[in-house]
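The values are calculated or read from the model by the stated rules, or taken from the named source; none is laboratory data. Note that the coordinates shown come from a computational prediction; the quantities given were computed from them, not determined experimentally. Neighbour counts are summed over all protein chains in view; Cβ atoms, including those assigned to glycine, are modelled from backbone coordinates with ideal geometry. Calculation scope for accessible area: heavy atoms of the full protein, side chains included, ligands and nucleic acids excluded. Shrake-Rupley method; radii C 1.70, N 1.55, O 1.52, S 1.80 Å.
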Amino acid sequence: MAKSIPPPGTSDIFPEEMPLWHRLEETADKVFSLYGYGELRTPIFEYTEVFQRGLGDETEVVQKEMYTFEDRGGRSMTLRPENTAGVMRALLNTDVMNGNEKRVYYIGPMFRGERPAAGRKRQFHQVGVENVGRIAPGLDAENIAMLMHYLEELGIKGAQLLVNTRGTREDREPAAEALRAYFAERIDRMCPDCRERLDKNVWRILDCKQDACINEVDGAPEVTGFFSEESREYFKKTCGYLDELKVNYKIEPRLVRGLDYYVHTVFEVTHPDLGGQNAIAGGGRYELFLPDNKKPVIGVGFAAGLERLLMVQEALGVPAPESENRTVFLVGLGEQAVDANMALASELRKAGWPVITEVEAKSMKAQMRAANRVNARFSVIRGEDELARETAVLKDMESGEQQEVPVGQLIKFLNP
RNA sequence: GUGGUUGUAGCUCAGUUGGUUAGAGCGCCUGGUUGUGGCCCAGGAGGUCGGGGGUUCGAAUCCCCUCAUCCACCCCA
């Protein structure tokens, strides 16, 4: 086995795979631009408190998945496990706290110290959007519609959209009380994780996948019943807009999600062709607290996992993007021609042609093989004769046809 | 964090109950064509069999440890 493997849960992405990644990125820019979103790039690491406060101390992500380290000044820093907290931190420098709206999207690597599995890396990539500063059901619905629009553009069919409401912070207390009371009586029949959750975060019990727990959850009180009239209305309106936007969704009352900042609308997109890790995107409305800020930043947004989008595209057989092949391979026979090709290559490149040259005076056969290997569209052959005549042999690698042309007019012959 | 899987050439993998110089396909290099690629043919390079220890006359093969991989749980994107 090769010794040069990257750290666990990370991977090298080679040039051959890049077109697939670029499509994800370019499509994101294209679609999100249509909704008025612009790209925001935040640092790959933040002060640890940004995530602790932002995501919530009780969350799984903060408790056991963060890459935290001390910098040279002895400050605690953390590699971003998600980008919403960082984006909010950045936007604090704008006027979002005064009810002014900001629309941003981001793309980049995220880091979580989990055990790798299919569709789960320690360094993975997300694209996400945030609509920040205002609250209105129309914004939530538009956000979800935009996500579905993005997936559609990528050729991802058969995705399942689940939505739910988490109510407001105030709504949640009575509901949480009721849940605690209900589960407290049955907790000894439930899994150890849920026993922990009972006091720390009852909500997470709702989406536990253990059979024993699911049985108990089935009989649990309907939480939205404890929510305020306003919250229920908010959710109803959001769903109404989704209907108007012709977005297909399913209301999933058990959908809770793992980050503490969510309020009102939450949603998740899964795909049946994925298996173990079947969530390709998720998000919702949030109230996110940052260090030294008494008031939370409000907004709605989502994040999608690029690796998982790629997996779905592959499973669905979405063809790779095709690009026009224009590579010109310069064959030089003899030292003189090889040297002369350096300058010719430079000239062609400045005229916009991708050029690969052979830098050693190898045999014709070897050089033609090389041209074939890099899948050259044309090869340009020069030896002593051509140099003397100030010509070059231009060969079309697809048809095999070739002609001798004046070097000065080579570009004219390359252009159709 | 728990459980399982796999680790042999650049890549994908064979390697029979432990037995001589460890194989194939693809790829790569050279030649068959004095200056013409892909197809074909011939030849060639390339491996401390993941690492360490043990059992044995002898280990890729059996045992232990370790590292890594992939997968499931968990969590999420």
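A few points about this structure:
- Scan of region A:162-206 for residues that are within 30 Å of A:ASN143 (Cα to Cα), of a type in the set (Asp, Glu) and surrounded by fewer than 17 Cβ atoms within 10 Å (Cβ to Cβ), ordered by number: A:GLU170, A:GLU173
- Answer residue from region A:369-380, given it is closer than 25 Å to A:LYS412 by Cα and open to solvent by 40 Å² or more (accessible area, probe 1.4 Å) and is nearest to RNA strand B (Cβ to nearest atom) among those: A:ASN372
- Residue count for region A:318-357, restricted to those that are basic (Lys, Arg) and under 31 Å from the mean Cα position of the chain (by Cα): 1
- All of A:ALA145, A:ALA118, A:ALA141 fail the test of being more than 29 Å from A:GLY240 (Cα to Cα), among the aliphatic types (A, V, I, L, M) and touching a residue at least 40 places away in the same chain (Cβ under 8 Å), apart from A:ALA118.
- Within region A:263-313, the set of residues being open to solvent by 10 Å² or more (accessible area, probe 1.4 Å), touching a helix residue (DSSP H, G or I) at 6+ places or on another chain (Cβ under 8 Å) and more than 10 Å from RNA strand B (Cβ to nearest atom) comprises A:HIS264, A:ASP273, A:GLU287, A:PHE289, A:PRO291, A:LYS295, A:LEU310.
- Selected residue (only one of A:ARG72, A:ARG89 is surrounded by fewer than 17 Cβ atoms within 10 Å (Cβ to Cβ) and farther than 23 Å from A:LEU306 by Cα): A:ARG72
- Checked against the criteria, A:ARG197 does not count as within 12 Å of RNA strand B (Cβ to nearest atom) and under 23 Å from the mean Cα position of the chain (by Cα).
- Residue selected from region A:314-343 under the condition aliphatic (A, V, I, L, M) and under 30 Å from A:GLU153 (Cβ atoms), by the criterion surrounded by the fewest Cβ atoms within 10 Å (Cβ to Cβ): A:ALA320
- Looking only at residues in region A:4-58 that are acidic (Asp, Glu) and within 16 Å of RNA strand B (Cβ to nearest atom), the one that is most open to solvent (accessible area, probe 1.4 Å) is A:GLU16.
- Members of region A:59-69 found to be buried (at least 18 other Cβ atoms within 10 Å of the Cβ) and part of a loop (DSSP other than H, G, I, E, B), listed by number: A:THR59, A:MET66
- Of the residues screened, A:VAL393 is one that is in contact with a helix residue (DSSP H, G or I) (Cβ under 8 Å, 6 or more places away or on another chain), under 14 Å from A:GLY332 (Cβ atoms), within 8 Å of RNA strand B (Cβ to nearest atom) and part of a strand (DSSP E or B).
- Scanning region A:242-259 for residues that are over 21 Å from the mean Cα position of the chain (by Cα) and either open to solvent by 50 Å² or more (accessible area, probe 1.4 Å) or among the small types (Gly, Ala, Ser) (or both) gives A:ASP243, A:GLU244, A:LEU245, A:LYS246, A:ASN248, A:TYR249, A:LYS250, A:ILE251, A:PRO253, A:ARG254.
- Of the residues making up region A:114-129, just one is more than 8 Å from RNA strand B (Cβ to nearest atom) and open to solvent by 50 Å² or more (accessible area, probe 1.4 Å), namely A:GLN123.
- When A:GLU196, A:GLU222 are checked against the criterion of being touching a residue at least 12 places away in the same chain (Cβ under 8 Å) and not hydroxyl-bearing (Ser, Thr, Tyr), a single residue qualifies: A:GLU222.
- Of all the residues in region A:81-126, those that are in a loop (DSSP other than H, G, I, E, B), touching a helix residue (DSSP H, G or I) at 6+ places or on another chain (Cβ under 9 Å) and either at pLDDT below 90 or among the hydrophobic types (A, V, I, L, M, F, W, C) (or both) number 1.
- From the options A:GLY332, A:GLY352, residue that is modelled with pLDDT of 95 or more and either touching a Phe, Trp or Tyr at 6+ places or on another chain (Cβ under 7 Å) or away from RNA strand B (no atom under 12 Å from the Cβ) (or both): A:GLY352
- Matching residues, region A:344-367, being of a type in the set (A, V, I, L, M, F, W, C) and open to solvent by 70 Å² or more (accessible area, probe 1.4 Å): A:VAL359, A:MET364
- Picking from residues in region A:207-227 that are assigned to a helix (DSSP H, G or I), within 10 Å of RNA strand B (Cβ to nearest atom) and hydrophobic (A, V, I, L, M, F, W, C), the one that is surrounded by the most Cβ atoms within 10 Å (Cβ to Cβ) is A:CYS213.
- When each of A:GLY36, A:GLY74, A:GLY54 is tested for being in a helix (DSSP H, G or I) and more than 18 Å from the chain's Cα centre (by Cα), the lone residue that passes is A:GLY54.
- Within region A:246-254, not a single residue is farther than 25 Å from A:VAL312 by Cα, more than 9 Å from RNA strand B (Cβ to nearest atom) and in contact with a Phe, Trp or Tyr (Cβ under 6 Å, 6 or more places away or on another chain).
- Test: residue in region A:384-391 that is of a type in the set (Val, Ile, Thr) and modelled with pLDDT of 95 or more: yes
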